[in-house]
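Comments concern the structure below.
The values are calculated or read from the model by the stated rules, or taken from the named source; none is laboratory data. Keep in mind that what you see is a predicted model, and the values were worked out from it rather than measured. Because the Cβ atoms are built from the backbone with ideal geometry, glycine has one as well, and the counts that use them run over all protein chains shown. Just so you know, the surface numbers come from the protein's heavy atoms only, side chains and all, with ligands and any DNA or RNA stripped out. Shrake-Rupley method; radii C 1.70, N 1.55, O 1.52, S 1.80 Å.
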Amino acid sequence: AGWDREGIIMASKTQPYWLVAFPQEYKGADRKGYARLKETIGRNATVSEFIIPGNLKIGTLDSLMSLTESLGKVDTMVQGSLTKVLRTLEEIQKKESHLGIVSHNNVSKFTWQYNKFMVSSSLQKITDGIESSVRGHETDIKKMLNTFNEVSQTLDSINRTENGTLLVKPLTPIIKNKNLFPSRSLEHVFVVVPKKKKQEFLTSYETMDQAYKLRRLKKEKEEKELKLDSQRAELAKDIPDILSKLKDEKKRSDLIRGGAVYKHIADLIRKTKAIMVADASKEDKKVDAKEDMHKKDYKVTVTKLSDLLKDSIEEKLKPYQLQAPNTTGAKKAVVDVILTAEEFDMKSSRIDSCIKMVSKEYKEAKEKIEKHEKDLKRREAKKLADPPYIVPGSAAEIKDDDEYVLYQMTIMKRFKDDVIRICREKRYTIRAYVYDPDGEINHTKKKNTLESKQKKLKSRLIKKCTVAYPDMYQQWLHIKAIRCFAESILRFGLPERSEDFKEIFPRHVQAALIQPANGSESRVRDLMQKLYGKLASAEVTAELNANETDYSGFGANFYPYVYLTIELDRGS
């Protein structure tokens, strides 16, 4: 801070302004209020007139009180929007903007924009218009910023991959091999290996599938054992119940007539046979007497269940011996029963008769079963063959960087998912790649397009912020002016002389703009308290101690004059 030619202390560029209002004359004073104020505090602050139209529409007392409540919210909203716009501009430009300081320093030059905010309109209408306008600016800038950020993020992603390691770097400029599928069963893949694991990879890549195969077989065996144990527990629960019913002829008769019971019996037979086959194929051929007894029990159980299944099937097909099924659902049900009978080599004249009745559906079902069995055999054959997943001697180094080496190797196409899992376990990364003859050109073109779009969006966004900010700031000052006008009317009342109604400001009430010098705020406040203290009682304007409660309803910052701040908020 320093002294100007008149000896007045100069305020800093971002020092807040105080917008104050007070009666022009009161208690017999014979001097104009503005001149008196400037003379009193002029050595501690810059003071200038703040011209507010004197003929703004007052409206009713209720509408004025309602307006003052909404004005506070709009004031805060506009100031917040100004902060956002300024922050956006500085983030885009990557430097501090002086736009806020320039607007702030022009506060003392404020003039009411009569062509934009007509004094014939109500104060509420002017306020609503300003709110709508500011929100429109903020929405437009937000949309433009979102679009700019999306383009920038895409461009940053491209730059990161181009400048990154072989884990992320585009492969198109590196790989020139067009023939990535040398045969129907073989395929080239590209593996990124950490440099510290280079030797390990070269000595083990041809056989690294073997340990994986052993683990897979072990897992399959364990899963099979778990499944068999579950089946044993199920059989131990269900079979005794069914066999007990066979001893009673009535219960047996009820059982075979029960809906789809044949499916349940057939499932029990399958599970029992599966356990018998699994037990017979155990490597340890020695069995104790208890296990041998279980095997005999299983055989007896299969025989009894097979007889029960045959009777159940015969009972199920009995209604169709003379009358063919007439609905699609009934035909499918008959076919299912016939296929179950054939699975267990059960034959009868009734079964043959039913086959003729549903010959078309039976043939279609048989074809599906045969196709499914062929697929199973083919898969089993492939499992038995189980050739090496990776072609020996096929690994070839393509490129390296400071951290990784890129290899091309040839694998069996049908084991690609397994090779990916094996490499992942080894901390090797298989890069996805599809050959595109125009890939490099398209990549460059896409990047150039994004860079051009980013530049245009940045230019438009800077221009929008640069134009919108001063406009929003001026509208904010109009909100301050309206607040000052409304609060002055509520505080000091209407003029007594009718001729003053046309110019309430400045004939009846005077507004002034004060910018205290750095460190002089308390001094200015004390001088103004002495000057205007008689406008309000001492009880209202007295400062509260930290442990005192404010019961006045005026708040902590109540002064005998109307007081508003105009402060440049740069945000955090």
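Laid out as a table, the results:
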quantity	calculated
Any hit, region 219-227, residues being in contact with a strand residue (DSSP E or B) (Cβ under 8 Å, 6 or more places away or on another chain), assigned to a helix (DSSP H, G or I) and surrounded by fewer than 15 Cβ atoms within 10 Å (Cβ to Cβ)	no
Looking only at region 30-88, and only at residues there that are aliphatic (A, V, I, L, M) and open to solvent by 30 Å² or more (accessible area, probe 1.4 Å), the one that is nearest to residue 522 (Cα to Cα)	35
Positions within region 463-486 being more than 17 Å from residue 77 (Cβ to Cβ) and surrounded by fewer than 18 Cβ atoms within 10 Å (Cβ to Cβ), in sequence order	463, 466, 467, 470
Test for residue 189: is it more than 30 Å from residue 345 (Cα to Cα) and touching a helix residue (DSSP H, G or I) at 6+ places or on another chain (Cβ under 9 Å)	yes
Residue that is modelled with the lowest pLDDT [pool: residues in region 496-520 that are basic (Lys, Arg) and within 14 Å of residue 55 (Cα to Cα)]	502
Output for region 228-271, where each listed residue is in a helix (DSSP H, G or I), open to solvent by less than 50 Å² (accessible area, probe 1.4 Å) and of a type in the set (Gly, Ala, Ser)	253, 266
Pair list, Cβ < 9 Å and 6+ apart or interchain, from region 316-334 residues that are assigned to a helix (DSSP H, G or I) to residues that are of a type in the set (Asp, Glu) and at pLDDT 85 or above	328/361; 331/361; 332/361; 334/361
Odd one out for residue 434 among (1) touching a Ser or Thr at 6+ places or on another chain (Cβ under 6 Å); (2) part of a loop (DSSP other than H, G, I, E, B)	(1)
Residue that is modelled with the lowest pLDDT [pool: residues in region 170-196 that are hydrophobic (A, V, I, L, M, F, W, C) and closer than 20 Å to residue 440 by Cβ]	180
Search result, residues across region 337-356 that are closer than 17 Å to residue 268 by Cα and part of a helix (DSSP H, G or I)	337, 339, 340, 341, 342, 343
Residue match in region 438-458 (condition: under 19 Å from residue 86 (Cα atoms), out of contact with any Pro (no Cβ under 8 Å at 6 or more places or on another chain), open to solvent by less than 80 Å² (accessible area, probe 1.4 Å) and small (Gly, Ala, Ser))	no
Subset of region 408-437 (residues that are open to solvent by 40 Å² or more (accessible area, probe 1.4 Å) and of a type in the set (S, T, N, Q))	429
Meets criteria (open to solvent by 10 Å² or more (accessible area, probe 1.4 Å), among the acidic types (Asp, Glu) and modelled with pLDDT of 90 or more) for residue 550	no
